[in-house]
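Each remark here refers to the structure printed beneath this line.
The values are calculated or read from the model by the stated rules, or taken from the named source; none is laboratory data. Keep in mind the model is a prediction, meaning the values are calculated, not measured. No Cβ is skipped: glycine too gets one built from the backbone with ideal geometry, and neighbour counts run over all protein chains shown. Remember, those area values only see protein heavy atoms, side chains included, never the ligands or the DNA or RNA. Shrake-Rupley method; radii C 1.70, N 1.55, O 1.52, S 1.80 Å.
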Amino acid sequence: MEHDLVVFVPGFLGTRLCRDGRDLWASCGERLIGSSAAALAEVALPPGLGDAPPEGPFRLDADTLLEVPDSVPGLLSCMGYPDIRAALGDPLDVQFVPFGYDWRLSHRLVARQLKARVARELERWRAQVDAYYPDRTDDPRVILVCHATGGLIGRHYLECEDGRETARTLVALGTPQHGLVQAARLLAGHAVPGDAGPGADAAARLNDALREWALTLPAVAELLPGYPAVRVEGKSRERQITDNRYPVPGLPGDAVREAVAFREEFRSACDEHRRVGPLPYTVHCLGSVDFPSPEALMLSSDGSWSTDGLLGSGDGTVPRRSAVADWTGTDPMLWTGFRNADLASGPALRDAMLAIRAGRAPTGTLAGEEGIVLHFPRDPVAAGRPFVIELLGHDLLRRNLRTFRWRSGRTDKQPVVFQQYEPDRYRAELEATTPGRWVVEALVDRPKGRDRRDVTVVAV
C-alpha cells in the first residue's frame with residue numbers, strides 16, 4: 001500500500017565495494033581485462049568462508065548502490081540504479097530504503113543482514129508514518145523489491161528469517177529462482193568462450209583469473225542451476241549438475257553441495273509454511289521470454305567440455321525455466337519485453353509499482369513505449385574488430401535521440417550513429433579500438449523528462 005516501507009535489494013554487482021572511498025571492483029575489473037592472474041585479488045574472499053562475514057583485509061564497505069553499468073564477463077551485467085526511486089513509484093525519501101550489501105557473500109548471511117536492517121527501518125517508519133499518511137487504514141508493512149540475484153536474498157529473508165511476518169509484497173525482477181548455468185561455466189573455468197582462434201590465449205587467461213576469484217565467493221556457488229542444465233552429446237535426457245555419471249569437468253564438488261544445501265534449506269522452509277496456509281504476502285515476478293538466454297551447458301559424449309551451449313527463451317540472462325517462482329504455489333509471473341539488466345528501470349517497473357502501492361494488481365505487458373532498450377554483446381568482444389549494438393524504442397528519430405560511446409574512466413565522448421533497419425529498431429556497428437571497458441549511452445526525450453540507457457562492452 002502507499003504508506004508501506006519500500007525496501008530495494010539490488011542484484012549481484014549492484015552495490016559499490018569500496019575501501020577508504022575507492023571502488024575496488026571498478027579498478028580490479030579494469031585490470032582484469034589485461035588477464036592478470038592477480039587482477040581480482042583485492043576483491044577475493046578467504047577460502048572456506050561459508051556463511052561468516054569477512055574480517056580484516058577481506059572486509060569491504062558496501063553501502064552505496066551502483067549508478068553506472070558494470071559486468072562480470074560471462075556471468076551477468078548490472079546497469080546500475082541511478083533512477084531507482086522514481087522507478088519504484090516515487091516513495092517518500094523517509095519511506096525508501098536502498099539496501100546495499102557485499103554481493104560476494106553468502107545469500108544466507110545477507111538475508112540475516114537484511115532482516116536486521118528492515119527491523120530498524122520499519123520501527124523508525126512506524127513512528128513517523130502518521131505525519132505523512134494520517135488516513136491510512138492499517139500499520140505499514142514492507143514492500144520488498146529485489147532485482148536479479150537480490151531476489152534470492154529477499155525470498156530467503158521472507159521464508160527462512162521470519163520476514164513473512166512484516167512483508168506485504170515481494171516484487172522480484174529477473175530473479176534466477178532456479179540458478180544460472182553461467183555460474184557453472186564460471187566456476188569450471190569456461191565463462192568466456194574462445195577456446196579456439198586468435199583470441200584463445202586471452203580467453204584462457206581471463207577464464208583462469210575469473211575462476212580463481214569466483215571459487216572464493218559463496219554467492220556464486222549458491223547460483224549454480226537447480227534445474228536440469230546439462231546436456232550430453234548423443235543423449236536425449238537432461239541432467240542435473242549433481243549427476244555423477246557425467247560430472248561437469250572443473251566444477252568443484254564442494255560448490256555443488258553448497259548450492260544443493262542452500263536450495264534445500266529454502267524449499268524445506270517453504271514446505272513447512274505451506275502446511276500452515278498460503279503465503280501471507282503477495283508475490284509479483286517480472287521476467288521476459290523475448291531474448292536468447294543461456295539455458296544449458298553441453299558436454300561431449302566422453303564427458304569433456306563442448307564449446308557449444310544451449311540457449312532458451314528468457315531475459316538475456318535468466319532463462320524462462322529458471323525465472324518461474326513455483327515455490328509461491330501461485331502464478332506470480334508478469335512477462336515483459338525487457339532484458340534482465342533493464343527490469344529495474346522506470347519503463348519496465350514504474351507502472352507496476354504505482355499499481356502495487358495503490359493496492360492494485362499489476363497487469364499485462366508493462367509499459368515501455370516511451371522508453372528505450374540497448375542490446376549488446378553479452379560475451380567480451382575482440383579489440384579492433386567490429387561488433388553490433390542494437391537500440392529499441394518507439395519513434396526515436398523524432399524524440400531527440402542522442403547516442404555516444406567512450407572508454408570507461410575517460411570523459412571524451414564520441415557520437416554514435418544508429419541506422420533504422422525495422423520499425424522501432426536501430427543498429428550501429430562499432431569497434432573497440434583498445435582492450436578495456438567501453439560504454440555506449442543512448443538518451444531520448446520523454447513527455448516528462450528523458451530516458452537514458454548505458455551498457456558496458458568488454459573488449460579483450
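Tell me which residues, restricted to the range 3-20, are assigned to a loop (DSSP other than H, G, I, E, B), over 23 Å from Gly179 (Cβ atoms) and in contact with a helix residue (DSSP H, G or I) (Cβ under 9 Å, 6 or more places away or on another chain).
Within the range 3-20, His3, Asp4 qualify.
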**OP:** Could you tell me whether Ala52 is open to solvent by 10 Å² or more (accessible area, probe 1.4 Å) and assigned to a helix (DSSP H, G or I)?
**Re:** no
**OP:** Kindly state which helices (runs of 4 or more DSSP H) lie completely within the range 73-161 and contain at least 2 residues that are in contact (Cβ under 8 Å) with a residue 60 or more places away in the chain and either surrounded by 23 or more Cβ atoms within 10 Å (Cβ to Cβ) or in contact with a Ser or Thr (Cβ under 6 Å, 6 or more places away or on another chain) (or both).
**Re:** 107-128, 150-160
Subject >> Set Ala348, Ala352, Ala383, Ala323: member being open to solvent by less than 40 Å² (accessible area, probe 1.4 Å), in contact with a Pro (Cβ under 8 Å, 6 or more places away or on another chain) and over 25 Å from Phe266 (Cβ atoms) >> reply: Ala383
Original post:
Filter the range 355-380 for residues that are among the β-branched types (Val, Ile, Thr), open to solvent by less than 50 Å² (accessible area, probe 1.4 Å) and modelled with pLDDT under 75; which is farthest from Thr317 (Cα to Cα)?
Top reply: Ile372
**OP:** Kindly list, by first and then second residue, each pair from a residue in the range 418-431 that is on the phi < 0 side of the Ramachandran plot to a residue that is hydroxyl-bearing (Ser, Thr, Tyr) and part of a strand (DSSP E or B), limited to pairs with Cβ atoms under 7 Å and residues at least 6 apart or on different chains.
**Re:** Phe418/Thr403; Phe418/Tyr426; Gln419/Tyr426; Gln420/Tyr426; Arg427/Tyr421
Original post:
Does at least one position in the range 77-90 carry a residue that is of a type outside the set (Asp, Glu), more than 30 Å from Trp438 (Cα to Cα) and more than 23 Å from the chain's Cα centre (by Cα)?
Top reply: no
**OP:** Read through the list (1) surrounded by 23 or more Cβ atoms within 10 Å (Cβ to Cβ); (2) over 18 Å from the mean Cα position of the chain (by Cα); (3) of a type in the set (A, V, I, L, M, F, W, C); (4) closer than 16 Å to Asp342 by Cα, then give the number of the only condition that Leu66 fails.
**Re:** (2)
Subject >> Residues that are under 21 Å from Ile241 (Cα atoms), within 23 Å of the chain's Cα centre (by Cα) and surrounded by fewer than 16 Cβ atoms within 10 Å (Cβ to Cβ), drawn from the range 264-292 >> reply: Glu264, Glu265, Arg267
**OP:** State all residues of the range 58-72 that are at pLDDT below 95, part of a strand (DSSP E or B) and of a type in the set (Asp, Glu); if no residue qualifies, say none.
**Re:** Asp63, Asp70
Subject >> The lone exception for Pro247 - which of (1) open to solvent by 50 Å² or more (accessible area, probe 1.4 Å); (2) closer than 30 Å to Leu392 by Cα; (3) out of contact with any Lys or Arg (no Cβ under 8 Å at 6 or more places or on another chain); (4) in contact (Cβ under 8 Å) with a residue 24 or more places away in the chain it fails >> reply: (2)
Subject >> Of residues in the range 162-192 being out of contact with any His (no Cβ under 9 Å at 6 or more places or on another chain), part of a helix (DSSP H, G or I) and not polar (S, T, N, Q), the one nearest to Arg267 (Cα to Cα) >> reply: Glu165
Original post:
Here are some conditions: (1) in contact (Cβ under 8 Å) with a residue 12 or more places away in the chain; (2) of a type outside the set (Gly, Ala, Ser); (3) in contact with a strand residue (DSSP E or B) (Cβ under 8 Å, 6 or more places away or on another chain). Arg239 meets all but one. Which one does it not meet?
Top reply: (1)
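Quick grid of which residues meet (1) open to solvent by 10 Å² or more (accessible area, probe 1.4 Å); (2) touching a Pro at 6+ places or on another chain (Cβ under 8 Å); (3) over 18 Å from Ala44 (Cα atoms); (4) of a type outside the set (A, V, I, L, M, F, W, C):
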residue: Gly174; (1), (2), (3), (4): no, no, yes, yes
residue: Glu212; (1), (2), (3), (4): yes, no, no, yes
residue: Leu215; (1), (2), (3), (4): yes, yes, no, no
residue: Pro252; (1), (2), (3), (4): yes, no, no, yes
